[in-house]
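Here's the structure we're looking at; comments come further down.
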Amino acid sequence: MVVGARAEAAAPAFRHRGVDSLWKPLRRRLDATVGLLPRGRELPAEVWRRRHRTIVRVAALQALALFVFGTTRGLDLLTCAAAAAVVLAPLLLADQAGLSRKVRSAATSVSLFTASTVLVQFWSGQTEAHFHFFVMVGVVALYQDWVPFGIGLAIVVAHHGILGTLHPHAVFGHHDAAEHAWGWTFVHAGFVLAASGAHLTSWRLNEQQGLRDPLTGLANRALLLEVLGRALGRREGVGVLFIDLDDFKEVNDTRGHAAGDQLLLAVADRLRSCVRSGDTVARLGGDEFAIVVDGGAAAGRRVGERFLHSLGQPVDVDGQPVHVHASLGVADTATLCGDRSELDGSAELLRNADLAMYWAKSSGKNRLVTYAEGMSQAAQDKASLRDDLAHALEQGQFEVHYQATIDFRKGTTKGYEALLRWHHPERGTVPPLEFVPLAEATGDIHAIGSWVLRTATAQAARWSAERGEPVAVAVNLSAVQLASDDIVDVVRAALRDSGLRPSQLTLEVTESLLVEDLEAVSARLAQLRTAGVLVAIDDFGTGYSSLAYLRRLPVDTVKIDRSFISDLALGGSATTLVASIVELARSLGLDVVAEGVETDQQAQVLRELNCTYAQGYLYARPAPAEEAAQALDAHLLTAPTAAPTPPTVPAVRAGGQVAVSRS
């Protein structure tokens, strides 16, 4: 009995599994077949509702018109009323707001094409009556869906074939058609199919004009979101790649927009070559692209990696090879928060991929990053910080802290480096590494940098007057500032207003700027030197540039990056590199500043290498102007005697610095 009971209990489950095993392949084939049918952009809900109401009214008016027409043809009132009722009956479903669009449009289409069959019957197969079918094809085309066309075709075949066989003279108006009902049925069906195809083609072509990028022919944002929405509606895994070309603006600025368009076309071709047949590639605008990929984040990463690999080959632009790099972000449906509508889910998924792309850019560009939890909150925090940064200067939240630069030969201070600090009213002190890149991206760096320049030169002028000897300062210029056409005027104005002599001001640029565009940066630095100021290379050694570049640069000072100074105590390659920099700088008549000196051992090695200046916590920490001066005076009373400097060392230039620093 137990075995029998178990068998009876297992039977329904077995039957259920059997049904599933048969249904799933059938469902896949059905979905594949439906996928071959034309499916374009869905009408907005309100537009569809307005069109549907109008078409329903047309169908209802046709029922009334047929009743009147039947009576004029001498038909009895009962027959006319029955025909009108048959035409009106499907509209009961069409008026149900709770049903789907397809069901409601299908019901209305049945009413419209049924009216055509009734008109043919009432007119005894008159040829002109058949034209009504083509008018109805035009009416249902307003739905912009293939289902109404299919219903129309089915009704034509059923009416002409079946009723044409049973009552040929009531359907066809000539003898040959009456004799060969099914043959003429397919002739009529062919005409209806051709008319439907023409409407479908016109609809899709008109759509493509508004859903394609005019330059590349790729999908645009609207089409991408619709494709993504349909993919989400299938409840299958789908991934999105967001692609942004790195430094594309430089191509437009240096080679012109025509060259930029050529580059975008080449990138579009490479994207097409990296995707599968079911994936959708879109250009969102400017140098931004996106890809909808079936299969989730893993599939998206594979496509992204293929694209990055394809960029290893330069792009030909006007016969010249151009190396292109891109930052990519990928996200999939697993990153969505809860159940969302197709529209909301599409927008969120695209936004997540966009956030991952920005992480790729901030991590060094030319890479692929997968969206992870927390990126959204980080982006919101960054946006909030960017908004606060726009008002920080006018609200007096910035302050300049000063750190001394020491002359190794005398053990005395020759100047200061001033480090910008942001005292946020809610966040506290915001690290420069967080807000300086934001200021560069938003353009706020111009106003902030000008303020630091004026503050630093004014403070140096006051210190010079108080001590009775010149105190030098230096201001670190970002790439954005250096590229500005008015930077020379800004520097001249700061010197004029403060009364500081130009020779007491040193302007610093990071070595990475030189590596990016040596000729352009050198030309701008040469312009700045015409104002009488000095120029220094900051963070030297981190930009992987050749030491030979120093011979070609219009500079006065080299600042060795702290990463090399921290390794001096270990000897080896760090000591060799620092010694090479110092020796080359001496031969070129340049001053050398060692950054980040924190131990006596590091200081001793630098003295032995004949380094000119040092800066670091061993001597002074950054502090407000008054505290920095007082602390330094107290420190110098007990400063150790510096090792003597060989006579071959060039005369010392003032080399203290004031910088918009990220340290």
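Projected over all directions and averaged, the alpha-carbon convex hull of segment 473-610 occupies 8.4 nm².
Projected onto their three principal axes, the Cα atoms of segment 324-457 cover extents of 69, 35, 24 Å, largest first.
Counting only the Cα atoms, segment 425-488 fills a convex hull of 117 Å³ per residue. Multiplying the residue separation of Glu608 and Leu393 by 0.36 nm and subtracting their alpha-carbon distance yields 73.0 nm.
Take the convex hull of the alpha carbons in segment 279-373; its mean projected area over all directions comes to 6.9 nm². Full extension of the chain between Arg50 and Ser376 yields a length gain of 113.5 nm, computed as 0.36 nm times the residue separation minus the alpha carbon distance.
Length available on full extension from Glu128 to Asp76: 0.36 nm per residue minus the Cα-Cα distance, which gives 16.4 nm. Once both labels are positioned 7 Å from their Cα atoms along Cα-to-Cβ, the gap between Lys365 and Glu469 label points is 4.5 nm.
In terms of accessible area, using a 1.4 Å probe and ignoring ligands and nucleic acids, Tyr402, Tyr549, Tyr371 rank largest first as Tyr549, Tyr371, Tyr402. Sparse packing (at most 14 other Cβ atoms within 10 Å of the Cβ) combined with a DSSP loop state is found for the following GluC sites (Glu not before Pro) in segment 420-488: Glu426.
Across segment 431-443, computed HN-Hα scalar couplings (Karplus, 6.51 cos²θ - 1.76 cosθ + 1.60, θ = phi - 60°) run x, x, 4, 8, 9, 5, x, 5, 4, 5, 5, 8, x Hz from first to last residue, x flagging Gly and Pro. In this simple spin-label model, placing a label point 7 Å from the Cα along the Cα-to-Cβ direction at both Ala569 and Asn252 gives a separation of 5.1 nm.
The values are calculated or read from the model by the stated rules, or taken from the named source; none is laboratory data. Everything quoted here is computed from the prediction, not taken from an experiment. Because the Cβ atoms are built from the backbone with ideal geometry, glycine has one as well, and the counts that use them run over all protein chains shown. When the accessible area is computed, the model is the full protein with side chains, heavy atoms only, and any ligands, DNA or RNA have been set aside. Shrake-Rupley method; radii C 1.70, N 1.55, O 1.52, S 1.80 Å.
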